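Quick notes on the structure that follows.
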Ligand SMILES: Nc1nc2c(ncn2[C@@H]2O[C@H](COP(=O)(O)OP(=O)(O)OP(=O)(O)O)[C@@H](O)[C@H]2O)c(=O)[nH]1
Ligand SMILES: [Mg+2]
């Protein structure tokens, strides 16, 4: 019997959804950050086995907020929960269920879909906390399976989670060719790598006000490298100055980290040119959100 299906990964910001996606796929396709709200749009990863194909949908973690960007991020979760076969709900040591998550848990229930609960970051918790979180979740939803683990600390995390998913996955067809691990474009993943490096190199607030666009991407045969030109979009001059840093030090470091990771991703040498552009209040303007995040929304 061939099993397949779409697995929606749901959870509050920063719980480890993208960490789990990368772990399951075995390649980094989604960005990961110690700062919450790293993921802005859904990222799909495809895992092929001898008798299965799983399409994972990593979704953004959202807070309750009226901000426009947050509303767009919510649309991705709605979309993921529109049509799916199995839900993987993830929590970390901050286990309270807020209004937004409660809404998604009831949606899973409404659709009568099966769900797995992953209590992640057990390395940061004692037994009592783990039990407390489990009872919080089981009081609000039905879970076929509950897995306590540390995605970055337990060597058997991947195997345990995959086994649970496969057991609950329905019989189904192969949706994608075997050699595809993600439906995201190279340009998107490259822009995300750059955004991750900015996010992890600047302080608190700025990451939520930036976007990255890849303007040019050309293979230069004579130099045997990819020339990539990207813009880091910020809302204010002050943010631009911080990202550039004293004497350009910060942007140089961001560029170096991003280039190394893009080289590993493309498996070729890369020349990366970064520009910081100011677009005032872009996170509040629908047309600009469409341009930088997704034209569909
Ligand atoms: N201590 C600890 N940290 C972890 C564990 N798993 C993931 N993390 C860290 O938690 C942070 C958030 O991980 P992400 O995978 O980006 O979380 P996310 O749920 O995708 O977050 P959003 O995209 O913001 O919704 C990162 O710094 C991870 O390295 C774990 O088992 N233990
Ligand atoms: Mg994420």
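Only the coordinates and a few stated rules stand behind these numbers; no lab work does. All values derive from a computational prediction rather than experimental measurement. Note that each Cβ is placed from the backbone with ideal geometry, even for glycine, and that neighbours are counted across all protein chains shown.
Just to confirm the number: angle between the C-alpha axis of helix 249-266 and the first principal axis of the chain, 0 to 90 degrees, nearest 10?
60
I'd like the antiparallel share, as a percent to the nearest 5, of DSSP beta bridges with both residues in the chain.
Working: 18 of 50 bridges.
Taking every DSSP beta bridge within the chain, about 35 percent pair in antiparallel fashion.
Calculate, in nm to one decimal, what residue 68 and residue 187 gain on full extension: separation in residues at 0.36 nm each, minus their alpha carbon distance. It would help to have the intermediate numbers written out before the result.
On the way: separation 119, 0.36 × 119 = 42.84 nm, distance 2.42 nm.
Difference between extended and current length: 40.4 nm.
Points 7 angstrom from Cα along the Cβ direction at residue 102 and residue 260: gap in nanometres?
With each label placed 7 Å out from Cα toward Cβ, I get 4.5 nm.
Rounded to the nearest 5, what % of the DSSP beta bridges within region 186-292 are antiparallel ones?
Values: 9 of 19 bridges.
Close to 45 percent.
So for the chain, averaging the separation of alpha carbon pairs under 8 Å that are six or more residues apart and normalising by length, what relative contact order in percent results?
Values: 534 pairs, mean separation 52.3, N = 297.
Answer for the chain is 18 percent.
Return the FRET efficiency for the residue pair residue 136, residue 229: r is the Cβ-Cβ distance, R0 is 45 Å, and the value is rounded to the nearest 0.05. Please report the intermediate quantities before stating the final value.
Working: r = 47 Å, r/R0 = 1.05.
In this case the efficiency is close to 0.45.
Using Stokes-Einstein with the Kirkwood hydrodynamic radius over Cα pairs, what translational diffusion coefficient do you get for region 200-250 at 37 °C and a viscosity of 0.692 mPa s, in µm²/s rounded to a whole number? Intermediate values should be presented prior to the final figure.
Values: Rh = 12.7 Å.
Once the numbers are plugged in, D ends up at 258 µm²/s.
State the extension gain, in nm to one decimal, for the chain segment bounded by residue 93 and residue 253, taking 0.36 nm per residue of separation less the distance between their alpha-carbons.
Details: separation 160, 0.36 × 160 = 57.60 nm, distance 3.20 nm.
This chain segment gains 54.4 nm when fully extended.
Under 37 °C and 0.692 mPa s, how fast does the chain diffuse according to Stokes-Einstein, given a Kirkwood radius computed over C-alpha pairs? Answer in µm²/s, whole number. Display every interim value, and only then the final one.
Details: Rh = 20.2 Å.
Once the numbers are plugged in, D ends up at 163 µm²/s.
Among 247, 172, 95, whose mean-square fluctuation peaks in a Gaussian network model of the chain (Cα, cutoff 10 Å)?
247
For Cα pairs less than 8 Å apart in space and 6+ apart in sequence, what is the mean separation divided by the residue count of region 3-168, i.e. the relative contact order in percent? Please list the in-between numbers first.
Values: 301 pairs, mean separation 38.1, N = 166.
It rounds to 23 percent for region 3-168.
Indicate the gyration tensor shape class of region 179-297 (rounded, prolate or oblate), computed on the Cα atoms with a ≥ b ≥ c the square roots of the eigenvalues: a/c under 1.5 is rounded; otherwise a/b larger than b/c is prolate and the rest oblate.
Working: a/c = 1.95, a/b = 1.27, b/c = 1.54.
Since a/c reaches 1.5 but b/c is at least a/b, the shape of region 179-297 is classed as oblate.
Out of the DSSP beta bridges found with both residues in region 3-168, what percent are antiparallel (nearest 5)? Present the calculation step by step, with values, prior to reporting the outcome.
Details: 7 of 29 bridges.
About 25 percent, rounded to the nearest 5.
With a 10 Å Cβ neighbour count serving as the proxy for reagent exposure, in which order, fewest first, do 52, 76, 208 appear? Provide the component values of the computation, followed by the final result.
On the way: 52 19, 76 22, 208 16.
If I rank by nearby Cβ atoms, fewest first, I get 208, 52, 76.
Modelled label-to-label distance, residue 209 and residue 156, 7 Å Cα→beta-carbon offset: nm?
According to this spin-label approximation, the distance is 4.8 nm.
Can you pull the three principal axis extents for the Cα set of region 128-212, in Å, largest first?
41, 39, 28
What is the order of 47, 20, fewest Cβ neighbours within 10 Å to most?
Numbers: 47 17, 20 26.
The most exposed by this proxy come first: 47, 20.
Got a sec? How would 82, 222, 27 order by Cβ neighbour count within 10 Å, fewest to most?
On the way: 82 11, 222 5, 27 14.
Ascending number of Cβ neighbours within 10 Å: 222, 82, 27.
In Å, what is the Rg of the alpha-carbon atoms in region 1-143, and how long is Dmax?
14.7, 46
Roughly how tilted is helix 157-168, in degrees to the nearest 10 and between 0 and 90, from the longest Cα axis of the chain?
Relative to the chain, helix 157-168 is tipped by roughly 60 degrees.
Normalising by the residue count of region 186-292, find the relative contact order in percent from Cα pairs under 8 Å and 6+ residues apart.
Working: 158 pairs, mean separation 31.7, N = 107.
Rounded, it is 30 percent for region 186-292.
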